[in-house]
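The values are calculated or read from the model by the stated rules, or taken from the named source; none is laboratory data. Predicted model, so just to flag it, every value in this text is computed and none were measured. In this analysis, Cβ positions are derived from the backbone assuming ideal geometry, glycine residues included, and neighbour counts consider all displayed protein chains. These area figures cover heavy atoms from the full protein model, side chains too; ligands, DNA and RNA do not enter into them. Shrake-Rupley method; radii C 1.70, N 1.55, O 1.52, S 1.80 Å.
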Amino acid sequence: MGGLVLSRAGPLLYLPPLSKAFIGEQMSDTQLHFKDTILDRLSYEANVAQFVSFSPDFSLRYSRIQGYEPNSSFGSAEEAIGALFGRSGEGRVNVRSFLPDDPKSKTFRYDIRTVGEAVETARGFVSEGLFVIVNETIDVNDGGVSGVAFGDIIELAPGDTPRCVEKPGTASFSRDVGLRLLEKVYGFRPALDYDARTRVEFSLHPLRRGFLKDHTIIWELERMGESHAQADTRWPNRFSRLLGDKAFGLLLADTLGLPVPRTTVIARWLAPFNFGRETHTGEVWIRTCPFEQDPGHFTTQRGWCDPFKLLEREDPEGKYLASVLAQQGVDAAHSGSLVVEADGTVRIEGTSGYGDKFMVGVAAIEQLPEDVLASVRVRYEEARTRLGPVRMEWVHDRSGFTWVVQLHRGATTTQGWIIHKGEASLYHRFDVTLGIDELRALIARVRGKGEGIILLGHVGVTSHLGDLLRKAEIPSRIEYPESSTLTRGCSPLGPES
């Protein structure tokens, strides 16, 4: 397997291809410091971005360019970089530099658009005694994600490099959940089958890129040892904003095994993708999907409508909506929502039939049958064991099966009929029959003034009206008419276990 390969830098020892296990177990610190040597060896087992590298005397060290043999010789640096430009999918390159006795990268130039500029940039770096890697630019805004996999955690974000993990808003998943979730979104399983003790910097792309023309690019591997850290999946995050808050919550629920109706996500920046289970009704609901939760603001309707016209009508500039969901309908016997109160009580509320009118305060809250409450509580426990306290919208069908139709993480400030605790200088009494848009306008007038709102009518604290008041942190509560038979919360089931 050994031998010599000639380059303009002189003879280099040819190292046989490494298995992924060997990379994770055996690479020495000295080898790890030569970033281009790592790329050379890694390219025999993984897809790397196309590149050429140079020593401080500007002689060629390594190359990986589609259509050329590994480490092909070129007549000059200009010829090598020109060949790289010719095979780059974006027609652009990056130039980075390093020192073999320092594992951290030095000066970096991104998105260079001409061969001449790339050559001059590389020449400047080598004149400072630096080693140089010139690699193809791969658009980080192509709808893919970049991140790091290490131990049992995979962290990622769209529109960025793997260094996104150093920034706020990065999505975090357990490795198994993250890989299965990404496969649902992109239609391929990320090629990240490495030893858990190896830190892997990667990027995923809808269009195939790199030397091997694959969807997964590996940028760096580093032996780190054992990691016992655990993922903390919270949203909104940068990835949930790419999909839309509602789409992300349901996608995560489906990945965790919760029953979600079959859903097609029609996103602005991604190809359509599907997840969920068949409901066998032959019906469809259309649900708009904001970047972040915006209760009751945009369209939800039973029956098909043109999703592109809907986006154009409700968000023509793309400021609020990430996607539209086409979701199979459920043969609803009861529908509603669930929150965890401040003391840990799980509150389930709902109404007969479909829940869209209940959520916006049009349909009255009803006393729910015990079998419905028990079935919804089972769904909650399934979610809680994986995510902790959650909020959810649910539909209980006529066969006795409960579906999850929206999911968010976290408990609330609600307690009994108090929606959000706090002292107020005065309270505005709001008749819920005026509608959710009027409540939204009242909240805008009240916010920041130390005033509160009392909702009057048969509405649930778990409804979108309650969501709006909690999100705005307005001191608020519900008062029912004296004739109401609802003398206590519709279905508080006691603290979560």
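Listed by position, the strands (runs of 3 or more DSSP E) contained in segment 123-165 that have at least 2 residues being within 22 Å of Gln66 (Cβ to Cβ) and modelled with pLDDT of 95 or more are 131-136. Under the condition of being under 22 Å from Ile217 (Cβ atoms) and either free of Cβ contacts under 8 Å to residues at least 60 places away in the same chain or among the small types (Gly, Ala, Ser) (or both), the residues counted in segment 122-138 number 2. Taking the condition among the charged types (D, E, K, R) and farther than 28 Å from Ala472 by Cα, does Arg277 pass? Criteria met by Arg277.
Any residue at all in segment 429-443 that is of a type in the set (S, T, N, Q) and either assigned to a strand (DSSP E or B) or exposed (fewer than 15 other Cβ atoms within 10 Å of the Cβ) (or both)? Yes, the conditions are met somewhere in segment 429-443. Entry remark, segment 259-293: residues being part of a strand (DSSP E or B) and open to solvent by 20 Å² or more (accessible area, probe 1.4 Å) number 6 in total. Scanning segment 31-73 for residues that are in contact (Cβ under 8 Å) with a residue 60 or more places away in the chain and over 35 Å from the mean Cα position of the chain (by Cα) gives Phe54, Ser55, Pro56, Asp57, Phe58, Arg61, Asn71, Ser73. Here Thr198 meets each of (1) open to solvent by less than 10 Å² (accessible area, probe 1.4 Å); (2) at pLDDT 95 or above; (3) of a type outside the set (A, V, I, L, M) with one exception, condition (2). Within segment 61-76, the residues that satisfy the criterion of being open to solvent by 10 Å² or more (accessible area, probe 1.4 Å) and either at positive phi or not hydroxyl-bearing (Ser, Thr, Tyr) (or both) are Arg61, Gln66, Gly67, Glu69, Pro70, Asn71, Phe74, Gly75. Set side by side, the residues Asp139, Asp152 differ, and just one is more than 28 Å from Tyr62 (Cα to Cα), over 13 Å from the mean Cα position of the chain (by Cα) and acidic (Asp, Glu), which is Asp152.
In segment 300-310, the residue that is nearest to Arg440 (Cα to Cα) out of those that are open to solvent by 30 Å² or more (accessible area, probe 1.4 Å) and not hydrophobic (A, V, I, L, M, F, W, C) is Thr300. Among the residues of segment 224-241, those identified as surrounded by 12 or more Cβ atoms within 10 Å (Cβ to Cβ), assigned to a loop (DSSP other than H, G, I, E, B) and of a type in the set (A, V, I, L, M, F, W, C) are Met224, Ala231, Trp235.
Yes/no per residue for (1) open to solvent by 10 Å² or more (accessible area, probe 1.4 Å); (2) part of a loop (DSSP other than H, G, I, E, B); (3) closer than 21 Å to Ala247 by Cβ; (4) in contact (Cβ under 8 Å) with a residue 60 or more places away in the chain:
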position: Gly350; (1), (2), (3), (4): no, no, no, yes
position: Ala383; (1), (2), (3), (4): no, no, yes, yes
position: Glu393; (1), (2), (3), (4): yes, no, yes, no
position: Trp403; (1), (2), (3), (4): yes, no, yes, yes
position: Leu407; (1), (2), (3), (4): no, no, yes, yes
position: Ala411; (1), (2), (3), (4): yes, yes, no, yes
position: Gly422; (1), (2), (3), (4): yes, yes, no, no
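Flag: Asp101 matches the condition of being among the charged types (D, E, K, R), open to solvent by 50 Å² or more (accessible area, probe 1.4 Å), in contact with a helix residue (DSSP H, G or I) (Cβ under 9 Å, 6 or more places away or on another chain) and modelled with pLDDT under 95. Taken over segment 150-195, the criterion of being open to solvent by 40 Å² or more (accessible area, probe 1.4 Å), in contact with a helix residue (DSSP H, G or I) (Cβ under 8 Å, 6 or more places away or on another chain) and either more than 20 Å from Glu226 (Cα to Cα) or among the aliphatic types (A, V, I, L, M) (or both) is satisfied by Arg180, Lys184, Arg189.
Scanning segment 456-472 for residues that are within 16 Å of Ala411 (Cα to Cα) and part of a helix (DSSP H, G or I), we see that the one that is most open to solvent (accessible area, probe 1.4 Å) is Lys471.
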